[in-house]
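The values are calculated or read from the model by the stated rules, or taken from the named source; none is laboratory data. What you see is a predicted model, and the numbers here were worked out from it, not measured in a lab. Counting neighbours? That spans all protein chains shown, and the Cβs are built from the backbone with ideal geometry, glycine included. Heads up: the accessible areas ignore ligands, DNA and RNA and are worked out on the full protein's heavy atoms, side chains in. Shrake-Rupley method; radii C 1.70, N 1.55, O 1.52, S 1.80 Å.
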Amino acid sequence: MRTLALSLGLALLCLLHAGAAATVPDRSEIAGKWYVVALASNTEFFLREKGNMKMAMVRISFPGEDELEVSYAVPNPKGCRKWETTFKKTSDDGEVYYSEEAKKTVEVLDTDYKSYAVILATRVKNGRTLHMMRLYSRSREVSPAAAAIFRKLARERNYTDEMITMLPSQDECSVDEV
């Protein structure tokens, strides 16, 4: 359960380095409510539990000049797990953020701001570097074009089809109540 939340947390924290060319995203456009609709990872936990995972909800905000705050709502067997994580900007080369609390770095790989964002989260745990890509969508339904971009970027990072999953919709959890 904790690992599921951490996996989705990783997926949800990656929202701020637009495009591989390190384009700086417009904060007002990336802020707001998102759904995590797809994941890609090669971690043992993810590969074992991906069939039990559901779509998560996220709210992105910018409480300070160099801060990114992410609120999460993730369904689990006991109801809904909610938490917030604050990230600090680490670089002026694009938008890359780090959370000391979660020991995670997040960056946006690609986004159109209006409908999708592809996020990469990196975390070091027990001496191992773990990566998870997430596909964020402004709605529960993701466009085929955004899903294709996600799959293309995942394959470029050596994720196989077995390591990629589209998450089933959920409405048990909402970030509006975080």
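Pairs, please: C-beta under 8 Å, at least 6 apart or cross-chain, first residue in a loop (DSSP other than H, G, I, E, B) and in segment 107-133, second loosely packed, with under 15 Cβ neighbours inside 10 Å and at pLDDT below 90?
Here the result reads Tyr113/Asp26; Tyr113/Glu29; Lys114/Glu29, each pair linking segment 107-133 to a residue that is loosely packed, with under 15 Cβ neighbours inside 10 Å and at pLDDT below 90.
Would you say Leu120 is within 26 Å of Ala145 (Cβ to Cβ) and in contact with a His (Cβ under 7 Å, 6 or more places away or on another chain)?
yes
Output the number of residues of segment 63-88 satisfying the condition of being touching a residue at least 24 places away in the same chain (Cβ under 8 Å) and closer than 13 Å to Lys104 by Cα.
Looking only at that region, the number is 4.
Could you give me the residue pairs with C-beta distances under 7 Å whose first residue belongs to segment 135-148 and is without any contact (Cβ under 8 Å) to a residue 60 or more places away in the chain, whose second residue is open to solvent by 40 Å² or more (accessible area, probe 1.4 Å) wherever it lies, and which are 6+ apart or on separate chains?
As it stands, the answer is Ser143/Ser115; Ala146/Ser115, since those pairs meet every condition given.
Could you list, in sequence order, the residues of segment 139-178 that are of a type outside the set (S, T, N, Q), surrounded by 18 or more Cβ atoms within 10 Å (Cβ to Cβ) and assigned to a loop (DSSP other than H, G, I, E, B)?
Within segment 139-178, Val142, Tyr159, Leu167, Cys173 qualify.
Taking Arg128 as the residue in question, decide whether it is open to solvent by 70 Å² or more (accessible area, probe 1.4 Å) and in contact with an Asp or Glu (Cβ under 9 Å, 6 or more places away or on another chain).
no
Out of segment 42-92, which residues are of a type in the set (Ser, Thr, Tyr), open to solvent by 30 Å² or more (accessible area, probe 1.4 Å) and part of a strand (DSSP E or B)?
Ser61, Thr86
Looking at segment 27-53, I want the residues that are among the aliphatic types (A, V, I, L, M) and have a partner that is part of a helix (DSSP H, G or I) with Cβ atoms under 6 Å, at least 6 apart or on another chain. Which pairs are those?
Sorted first by the residue in segment 27-53, then by its partner, the pairs are Val36/Ala11; Val36/Leu12; Ala38/Phe150; Leu39/Ala11; Ala40/Ala154; Ala40/Met163.
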